[in-house]
Amino acid sequence: MRYMLMHKLDEDVPGNFDPSPEFMKTMGAFMEEVVQAGVLLAAEGLCASKEEAARITVTNGKKTVTDGPFTETKELIAGFALVDVRSRDEAVEWGKRFTDVFVQHGIDVEVDVRRVYEG
């Protein structure tokens, strides 16, 4: 089963979208562990919304494009990992361990664990 682990950060907190070398080293070690476990399919970090971002909203059939930064949104998806695991519980365990990377560096984070639809 494939699960998407999406982490959200507050864009207004300095450094959240500009990680330190120490953070990147910790994240790299964690990602290597996920690779070695054979469950990682893909993972990427995202730039802050002030960097070439757009949001497309459709209301009553009318499309509106809003350029970043998205000041009305405190928490934005900052990155993702796509994993192939045996169960939701295993995906949640990887998600918990993923949050540990942030906690070690004093960063508040929220991770959504969502199963990928496989029609």
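The values are calculated or read from the model by the stated rules, or taken from the named source; none is laboratory data. It should be emphasised that the depicted structure is a prediction, and the values quoted were computed from it without experimental measurement. In this analysis, Cβ positions are derived from the backbone assuming ideal geometry, glycine residues included, and neighbour counts consider all displayed protein chains. Each accessible area value is taken on the protein alone, full model and side chains, heavy atoms only, with ligands, DNA and RNA left out. Shrake-Rupley method; radii C 1.70, N 1.55, O 1.52, S 1.80 Å.
Rounded to 0.05, the FRET efficiency of the Val103 and Ala54 pair, given R0 = 35 Å and the Cβ-Cβ distance, is 0.65. When the trypsin sites (Lys or Arg not before Pro) in region 16-119 are filtered for DSSP coil states and for at most 12 other beta-carbon atoms within 10 Å of their beta-carbon, the remaining sites are Lys74, Arg86.
Note on the chain: with charges restricted to the Cβ of Lys and Arg (+1) and Asp and Glu (-1), its dipole about the Cα centre is near 500 debye. Accessible area per residue for the chain, computed on protein heavy atoms with a 1.4 Å probe, is 67 Å². Toward the positive end of the charge dipole of region 32-93, with +1 on the Cβ of Lys and Arg and -1 on the Cβ of Asp and Glu, the farthest Cα among Ala53, Ile77, Ala91 is that of Ala53. Summarising the label geometry, the points placed 7 Å from Cα in the beta-carbon direction at Tyr117 and Leu82 lie 1.5 nm from one another.
For the chain, the Kirkwood estimate of hydrodynamic radius, built from reciprocal distances between every pair of different alpha carbons, is 15.5 Å.
Only lysines eight or more places from Lys62 in sequence, or on another chain, were considered; those with a Cα closer than 27 Å are Lys50, Lys74.
Of the solvent-accessible surface of the chain, computed with a 1.4 Å probe over protein heavy atoms with every protein chain present, carbon and sulfur atoms account for 50 percent.
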